[in-house]
Amino acid sequence: MDPISKTETPTKAPQANSKRCFIQTYGCQMNVYDSERMAEALVTAGYEQVESPEGADMVILNTCHIREKAVQKVYSYLGRVKPLKQKNDDMIVAVAGCVAQAEGAEIISRAPIVDMVFGPQTFQQLPDMLDKVNDLRARGEKARLVRTEFPAAEKFEALQSVARKPITRNPSAFVTVQEGCDKFCTFCVVPYTRGEEVSRDTQDIVAETRALVEQGVCEITLLGQNVNAWQDRQSGLRLDGLLRQLGDIAGVERLRFTTSHPRDMDDALIDAHGSNPKLMPYLHLPIQAGSDKILQAMNRQHTAADYLALVRRFRQARPDLALSSDFIVGFPGESDEDFDATMALIDEVKYAQAYSFKYSPRPGTPAADSPEQVDEAVKDARLQRLKTRLAEHQRQFNEAQIGRVLPVLFEKPSKKDGQMSGRSPYLQTVHVSMDEAMMSAVRGRVLPVKITTAFSFSMVGELADEDA
Ligand code: SAH
Ligand code: SF4
Ligand code: F3S
């Protein structure tokens, strides 16, 4: 899961009579998905999305609490919104997501411009909250709504009853299938901000996928904090079975899932990588650290050898599998030898891509109280070394594709003019030069591309013959 991005939810130009809403999203893909669903719920309430908070009638901050400065970031953003609200007294300001869950009413007392605070499991109540804010304002009262309960099952029911509204979509879409986490890794806030593990029903996931396909989506990424813990509560179906059912839907060309926990991996899901033709050869399987001492202190409940054995089984099922991971450097008690074990592990696995972070003590988590905190300068140096080596491996993985013809799903124009960008099966970004007419013709299609150049974080190619 990419927990560092700051993402803009797809937008549409506002119509003259509709109200304007701006959503700023921080954090992982689950927040991106939640923001999209908020945008859809707001369509019903008469709002259109806009691309900046200036001139908006509503501003929602969908927040992430995973690392330090999360809370400061929220207050500094609210500081930016304050003068806008002073210009437009009718503006509604909301703080949503994982910081909202953790801080609750504290946010409203520290930032009086905020009208509502709601957690990741309560955003389906958004239309109702809007009505309440408007009622209170009509009576001359200030709204101070705080909704931070954990009714995850209720959220899933609500998601099912609200059909996915046609907002502007990428050809690739997220579908949340599992929420929450019961693992309690000693560094992590997610079990506290997202609540316990809950799986969504198969029929709802299938219905949502069909609705997305009707809107032109052809790649679905199933999301969950521990997506491979997904299990249908009635039938007992596991993720491999769900992927098979979704792959049978006409129009679904590619399937992915993230994030998996090594502990929840089963044989059937490993085999699916060799037998399900729609399942892409890419697996995000975080290990965090290569030392058993640190893995144990993190409460990951597996060893480095267990993880490497899993990787071998995956590669037997799908030899060209691209592997990805998350790493934390400078976890309390991490010695030079422990860190060397992480470097040795990455040299053995040779990841196609990875995210790495400095350990950040989170309030309320056990590791934050450890007396063995690692020096910031040591963390910086380790992160630098790790990132350099990971980028080398990534470049090697990309360079190995030069000369190959890969099926690329074209998504959007690249930042550089005259280029369209898409994703290879291994989730690499591929840029291809073409004219404007061609750009609209290829958007949303999977086409063969011959790879000509490779960098650490992207590749360049040219369209190849369809039968190449
Ligand atoms: N459920 C996923 C991870 C979700 S959080 C898993 O278990 O793999 C995404 C990533 O953020 C984690 O994998 C971890 O690398 C990082 N992270 C979480 N808490 C952190 C902390 N306190 N400091 C630094 N990185 C952290
Ligand atoms: Fe956090 Fe661990 Fe749960 Fe992942 S498995 S969300 S790292 S507690
Ligand atoms: Fe952040 Fe919450 Fe996701 S803390 S990483 S937005 S689950």
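The values are calculated or read from the model by the stated rules, or taken from the named source; none is laboratory data. These numbers come from a predicted model, not from an experiment. Cβ coordinates were reconstructed from backbone atoms using ideal geometry, including for glycine residues, and neighbour counts include every protein chain displayed. Please note that ligands, DNA and RNA were not included when accessible areas were found on the heavy atoms of the full protein model with its side chains. Shrake-Rupley method; radii C 1.70, N 1.55, O 1.52, S 1.80 Å.
Hey, can you rank 380-390, 61-71 by average C-beta count inside 10 Å, highest first?
Highest-to-lowest ranking by the protection proxy: 61-71, 380-390.
Ordering Asp128, Asp232, Asp369 by how much accessible area each has at a 1.4 Å probe, largest first, what is the list?
Asp369, Asp128, Asp232
Could you sort the peptides 72-79, 417-424 by per-residue average Cβ neighbour count (10 Å cutoff), highest mean leading?
417-424, 72-79
Any chance you could run the full-extension gain for Ser456 through Asp248? It's 0.36 nm times the residue separation minus the Cα-Cα distance, nm to one decimal.
Full-extension gain reported as 71.4 nm.
State the Kirkwood hydrodynamic radius of the stretch 165-252 in Å, one decimal place, computed from all pairs of distinct Cα atoms.
Kirkwood radius, the stretch 165-252: 13.9 Å.
Answer with one residue from Ala41, Ala317, Leu239: the one whose Cα lies farthest towards the positive end of the charge dipole of the chain, charges on Cβ with Lys, Arg +1 and Asp, Glu -1.
Ala41
Evaluate E = 1/(1 + (r/R0)^6) for Asp369 and Ser440, where r is the Cβ-Cβ distance and R0 equals 51 Å; express this FRET efficiency to the nearest 0.05.
0.40
Just the number, please: carbon plus sulfur as a percent of the accessible area of the stretch 405-463, 1.4 Å probe, no ligands or DNA/RNA counted.
Carbon and sulfur together cover 54 percent of it.
Fully extended, how many nm does the chain gain between Ser76 and Glu348 (0.36 nm per residue separation, minus their Cα-Cα distance)?
Taking 0.36 nm per residue and subtracting the Cα distance, the gain is 93.7 nm.
Helix check for the chain. Which DSSP H runs span at least 24 Å along their own axis by Cα, with a mean Kyte-Doolittle hydropathy no less than -1.0?
Result, helices passing both filters: 70-87.
With each label point set 7 Å from Cα along the Cα-Cβ vector, what nm distance links Lys87 and Glu399?
5.1 nm
Over all pairs of distinct alpha carbons, what does the Kirkwood formula give as the hydrodynamic radius of the chain, in Å?
This gives a value of 23.4 Å.
Less than 10 Å Cβ to Cβ from His261, Lys/Arg counted +1 and Asp/Glu -1: what total charge do the surrounding residues give?
That sum, taken over residues with Cβ under 10 Å, equals +2.
Note the full-extension length gain between Asp267 and Ala391 as 0.36 nm times their separation in residues minus their Cα-Cα distance, in nm to one decimal.
41.6 nm
Using a 4.7 Å Cβ cut-off, which Cys residues in the chain lack a partner cysteine?
Among the cysteines of the chain, those whose Cβ sits 4.7 Å or more from every other are Cys21, Cys28, Cys64, Cys98, Cys181, Cys218.
Solvent-accessible area per residue for the chain at a 1.4 Å probe radius, Å²?
Accessible surface, normalised per residue, equals 42 Å².
Using 7 Å Cα-to-Cβ label points, what is the Gln296/Lys412 separation (nm, one decimal)?
In this crude label model, Gln296 to Lys412 measures out at 4.6 nm.
What FRET efficiency do you get for Ser275 and Glu337 if R0 is 51 Å and r is their Cβ-Cβ distance, rounded to the nearest 0.05?
0.80
Cα centroids of the stretch 282-313 and the stretch 324-403: how far apart, whole angstrom?
13 Å
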